[in-house]
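Data block below; observations after.
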2 protein chains.
Amino acid sequence: MPARSIIPTRSTEAPRTFTIVGGGLGGALMAIYLGREGYEVDLYERRADPRSGKADAGRSINLAISVRGIEALRGVGLAEEVLKQAVPMRGRMIHGVGGDVVYQPYGVHPDQAINSVSRKDLNVTLIEAARAMPSVRVHFDHKCVGVNIETGQARFQVGDDGGSVETSPGVVIGADGAFSAVRGAMQRLDRFDYSQSYLAHGYKELSIPPGADGRHRLERNALHIWPRKSFMMIALPNIDGSFTCTLFWAHEGENSAAAVRADDEVRGFFNRVFPDAVPHMPTLIEDFRNNPNPSLVTVRCQPWHYRDRVVLLGDAAHAVVPFYGQGANCAFEDCPVLLECLRGSATDPGAAFNEYERRRKRHADALADLAIGNFLEMRDKTGSRVFLLKKKGEKLLHRLLGDAYLPLYSMVSFSTIAYADAVERARRQNRRLGAAAAVVLLLILLLLASA
Amino acid sequence: MPARSIIPTRSTEAPRTFTIVGGGLGGALMAIYLGREGYEVDLYERRADPRSGKADAGRSINLAISVRGIEALRGVGLAEEVLKQAVPMRGRMIHGVGGDVVYQPYGVHPDQAINSVSRKDLNVTLIEAARAMPSVRVHFDHKCVGVNIETGQARFQVGDDGGSVETSPGVVIGADGAFSAVRGAMQRLDRFDYSQSYLAHGYKELSIPPGADGRHRLERNALHIWPRKSFMMIALPNIDGSFTCTLFWAHEGENSAAAVRADDEVRGFFNRVFPDAVPHMPTLIEDFRNNPNPSLVTVRCQPWHYRDRVVLLGDAAHAVVPFYGQGANCAFEDCPVLLECLRGSATDPGAAFNEYERRRKRHADALADLAIGNFLEMRDKTGSRVFLLKKKGEKLLHRLLGDAYLPLYSMVSFSTIAYADAVERARRQNRRLGAAAAVVLLLILLLLASA
């Protein structure tokens with residue numbers, strides 16, 4: 001029989017079965033959205049069941065779930081459960097080299113907070129919820145080794161023994177992260193635009209355990225930053241009283257992963273640059289030795305889908321660097337949009353995927369730029385007086401002008417204004433502000449001249 | 001035995017053997033450069049021997065070899081032989097829709113020309129020269145199917161029968177074009193920056209055969225352009241009296257490959273937009289049917305090498321769109337630079353590759369931008385009066401100011417000033433010109449005010 005015979009013709013009936021590759025945050029939430037809608041879903045995850053405790057060690061920059069992510073979770077009734085596991089962070093606590101500490105509230109309202117959540121705990125919550133649905137099946141230890149994009153079939157290697165399975169023809173959702181195998185299959189297509197771009201910086205996960213009293217050793221409701229120009233450390237609170245710290249530093253050069261390696265070099269480096277943190281890091285050397293130094297990549301591609309067979313979601317479509325705390329929020333936002341588009345074009349998933357891409361792509365691109373920009377801001381500027389004044393000025397303007405002036409950070413972190421729209425609005429605000437300042441200056445000059 | 005045992009330790013002796021993947025223009029010229037230096041070279045080419053006549057039909061946009069390419073050919077004594085097969089083009093011949101024709105000389109000196117050469121003929125010349133060297137072996141019908149970048153070994157499928165061979169550990173030069181298999185092996189490396197970006201336009205190869213008298217039907221020593229805003233056709237002369245035409249047009253939309261397909265649509269389209277060319281294109285419908293509609297891609301990556309094992313060259317490192325006629329010239333320029341770097345670090349090829357990348361990367365990046373910019377210029381602007389005036393103004397400035405003002409096009413096409421330096425110099429010239437114009441304007445105003 002000719003091989004083409006397995007290619008299904010486009011049906012006038014809506015597809016009822018989805019293969020989701022990747023059981024991380026985006027894939028698991030999408031499974032829930034689809035499952036609630038009555039779709040049959042097979043969710044395949046490369047790693048072992050996260051509930052088994054065998055998570056990827058040292059690669060879990062804590063998540064800062066903001067209103068965007070919360071809204072997407074609320075859509076499937078999980079917002080309250082997730083917020084229960086979260087520690088709200090209401091501002092930045094900036095740690096100087098001399099041990100001085102400055103606190104900057106994030107928002108203009110005290111209830112404006114981003115929520116520190118453990119990636120693993122959140123993932124377990126989502127997987128549990130997905131698995132509780134009668135139409136969702138979750139398969140762990142299934143590594144995607146190939147996708148036939150013409151038929152919408154994915155092939156998986158099961159466990160380490162090398163056995164493999166292939167799904168039936170259908171629709172494949174690639175939610176398999178920055179190094180997506182699903183996207184890899186699409187990349188061979190003619191006219192597939194693709195870029196992967198690395199920062200010169202990587203990261204090292206470290207930790208601050210709870211104090212002797214079981215409570216947080218540093219201010220609980222803050223994101224702690226030790227900005228040091230060419231590198232920085234951050235610490236995000238966990239509900240168990242600990243902090244997860246992440247050191248972002250260059251792979252090479254001065255004060256880098258290449259320069260600081262041996263135990264005594266690590267001790268010397270930390271005592272010199274993060275002296276106030278060291279007493280709180282009893283497992284510093286051990287953490288440092290055990291944890292890898294992963295890279296930070298931005299991935300962009302286009303198109304996000306192939307006909308009505310394959311569609312990408314989350315990092316697989318738009319991996320961003322973690323400095324705006326929006327990667328997971330953006331992946332979560334994808335899910336209800338994709339579902340809405342499927343509802344809108346029930347019998348034509350190709351059109352639905354096209355509409356989903358049209359609605360999401362430019363916002364994901366905007367976030368990629370914002371995230372790189374915020375890296376520079378956090379690392380270089382949060383420690384400076386000018387930056388503090390600017391942030392205070394922005395808040396003052398918001399108090400004076402209300403919604404006519406929303407700081408960009410607030411729009412990104414405390415609203416659901418789509419990313420590209422937030423950027424555009426911030427530009428408009430600044431233009432108006434500049435024009436207003438010019439008018440005021442002119443009036444002053446005229447007054448002085450007439451005096 | 002452990003697999004690592006085959007990894008050679010870095011030797012203090014220079015490598016004497018190179019595997020070149022890809023026998024196109026860059027790979028063949030590099031083989032000659034290395035062969036002349038006494039290196040052992042195995043050159044592997046996916047396609048059949050070009051002398052067999054089985055070239056890739058309809059994918060051969062004619063080459064415009066300029067002084068950069070000629071200099072690189074001169075370095076191995078092939079400049080004169082190649083120029084004998086070339087037709088010099090001393091200017092653009094712009095064809096309006098109404099049949100009107102305007103000629104713009106390229107350079108300020110009548111001997112400034114770019115040279116139209118058939119890609120296939122040039123390739124045969126290079127392959128013959130490579131094969132004439134005792135230390136160079138050329139292997140056709142060898143398709144690269146994998147590279148072990150740690151050991152510098154390449155694997156090839158031989159012909160269609162599926163047999164395969166693997167080279168010994170050594171150094172692999174990836175000269176295998178925009179869709180390089182060698183680069184594909186490097187792309188899996190951590191921190192490998194990569195982008196592939198397509199134009200919305202593709203191209204269709206067509207032809208104008210010699211006239212009844214065996215001579216060119218249009219002006220022989222010109223590059224003919226039919227600019228039509230959203231699309232354009234060009235024609236480059238061949239020594240046999242024919243022209244190779246290339247229609248660049250969008251894949252989709254109005255006046256695109258998707259919109260114009262059936263024979264009568266093609267006839268109607270050409271009669272409407274290229275009426276003066278149609279009488280010269282007796283095989284239009286046949287050419288149109290037979291030739292594909294390939295895409296146009298820009299590829300950027302970094303690094304260009306992996307340790308002392310693998311290095312990229314030509315399109316494999318930096319594919320550009322063809323609108324500045326510089327892709328092959330840039331690939332040719334790579335070859336003497338790579339050889340110089342190998343001479344400079346004979347016992348440390350890793351350092352040589354690093355230096356080669358340092359010297360070439362930013363210029364290849366600059367060319368990529370220039371090529372996209374020239375696409376817009378050729379398509380949209382060459383037909384406009386303002387463009388013609390601007391070009392005339394540039395030439396006048398050069399006549400007045402000599403080498404203090406070189407038009408960018410001249411620097412790129414008629415000099416060996418490295419691309420990025422040419423771009424920078426053009427910027428400086430324009431800044432100075434702007435400043436001078438401001439001074440002149442001020443003087444005029446002062447004169448008027450004092451009058």
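The values are calculated or read from the model by the stated rules, or taken from the named source; none is laboratory data. On a predicted model such as this, the values are computed, not experimentally measured, just so you know. Glycine also receives a Cβ, built like all others from the backbone with ideal geometry; neighbour counts cover every protein chain displayed. Areas reflect the complete protein model, heavy atoms only, side chains present, ligands, DNA and RNA absent. Shrake-Rupley method; radii C 1.70, N 1.55, O 1.52, S 1.80 Å.
Quick notes on this one:
- Rolling a 1.4 Å probe over the protein heavy atoms leaves B:L446 with an accessible area of roughly 110 Å².
- The distance from the alpha carbon centre of the range A:207-232 to that of the range A:145-197 is 40 Å, rounded to a whole number.
- Rounded, prolate or oblate (a/c below 1.5 giving rounded, otherwise prolate when a/b exceeds b/c) for the range B:235-299 by Cα gyration tensor: oblate
- Global form of chain B, assessed from the alpha-carbon gyration tensor, a/c cut-off 1.5: oblate
- By accessible area with a 1.4 Å probe, ligands and nucleic acids excluded, highest first: order of A:V337, B:V165: B:V165, A:V337
- Among the trypsin sites (Lys or Arg not before Pro) in the range B:154-194, those placed in a DSSP loop whose Cβ has at most 12 other Cβ atoms within 10 Å are B:R188.
- Along each principal axis, taking the top coordinate minus the bottom one, the Cα set of the range A:327-398 gives 57, 25, 16 Å in descending order.
- Beta bridge orientation in chain A: antiparallel %, DSSP, nearest 5: 70 percent
- Helix B:327-344 axis, angle to chain B major axis (alpha carbon atoms, nearest 10°): 40 degrees
- Selection from A:F243, A:V273, A:G314, by position along the positive dipole direction of the range A:236-330 (Cβ): A:G314
- Per-q log10 I(q)/I(0), the protein assembly as shown, q = 0.06 Å⁻¹ (Debye; single scatterer per alpha-carbon; no solvent): -0.52
- Accessible area buried at the A-B interface, both sides summed, 1.4 Å probe (Å², nearest 100): 1300 Å²
- Take the range A:15-146 with all the other protein chains still there, run a 1.4 Å probe, and you get 39 Å² of accessible area per residue.
- Computed from the Kirkwood radius of its Cα pairs, the Stokes-Einstein diffusion coefficient for the range B:295-438 at 37 °C and 0.692 mPa s stands at 195 µm²/s.
- With R₀ fixed at 30 Å, the C-beta to C-beta distance from A:N271 to A:N221 puts the FRET efficiency at about 0.60.
- On full extension, the segment bounded by A:V386 and A:A48 gains 116.9 nm, given 0.36 nm per residue less the C-alpha separation.
- In chain A, a dipole from Cβ-located charges (positive for Lys and Arg, negative for Asp and Glu) runs towards its positive end, and of A:L43, A:S180, A:A113 it is A:A113 whose Cα lies farthest in that direction.
- For B:I114, the solvent-accessible surface computed with a 1.4 Å probe is close to 10 Å², ligands and nucleic acids excluded.
- For chain A, size of Cβ-based charge dipole, Lys and Arg +1, Asp and Glu -1, in debye: 1180 debye
- Buried on assembly, the range A:149-194 (at least 50 Å² less accessible surface than by itself, 1.4 Å probe): A:R191, A:D193, A:Y194
- Paramagnetic reach from B:D213 (point 7 Å along Cα→Cβ, amide N under 19 Å) across the range B:240-262: B:240-243
- C-alpha long axis of helix B:349-376 to longest principal axis of chain B, angle in °: 30 degrees
- What the range A:152-298 shows is 41 Å² of accessible area per residue, with the surface traced by a 1.4 Å probe over protein heavy atoms.
- Average accessible surface for the range A:391-432: 53 Å² per residue, computed with a 1.4 Å probe over protein heavy atoms with every protein chain in place.
- Modelled FRET efficiency - R0 35 Å, B:V165 with B:I239, Cβ distances, 0.05 increments: 0.40
- Distances between copies at A:S135, taken between label points 7 Å from Cα along the C-beta direction, are 6.9 nm in increasing order.
- Peptides B:128-136, A:219-227, A:170-178, ordered by how many other C-beta atoms sit within 10 Å of their residues on average, highest first, read A:170-178, A:219-227, B:128-136.
- Rounded accessible area of A:D121 (nearest 10 Å², 1.4 Å probe): 70 Å²
- Cα centroid separation, the range A:276-349 to the range B:385-428 (Å): 46 Å
- Loop-located trypsin sites (Lys or Arg not before Pro) in the range A:377-451, at most 14 other Cβ atoms within 10 Å (DSSP): none
- R0 of 35 Å, Cβ-Cβ distance A:R289-A:R155: FRET efficiency to nearest 0.05: 0.40
- Unit charges on C-beta of K, R, D, E only; dipole of the range B:187-316, Debye: 340 debye
- Overall, the accessible surface of the protein assembly as shown at a probe of 1.4 angstrom is composed of carbon and sulfur to the extent of 53 percent.
- Global geometry of the range A:140-198, whether rounded, prolate or oblate, following the gyration tensor of its Cα atoms and the 1.5 cut on a/c: oblate
- Distances from A:D121 to itself in the other copies, using label points 7 Å out along the Cα-Cβ axis, amount to 7.4 nm in increasing order.
- Relative to the other identical copies, A:G77 shows label-point distances of 8.4 nm, where the label point lies 7 Å from Cα along the Cβ direction and values run shortest first.
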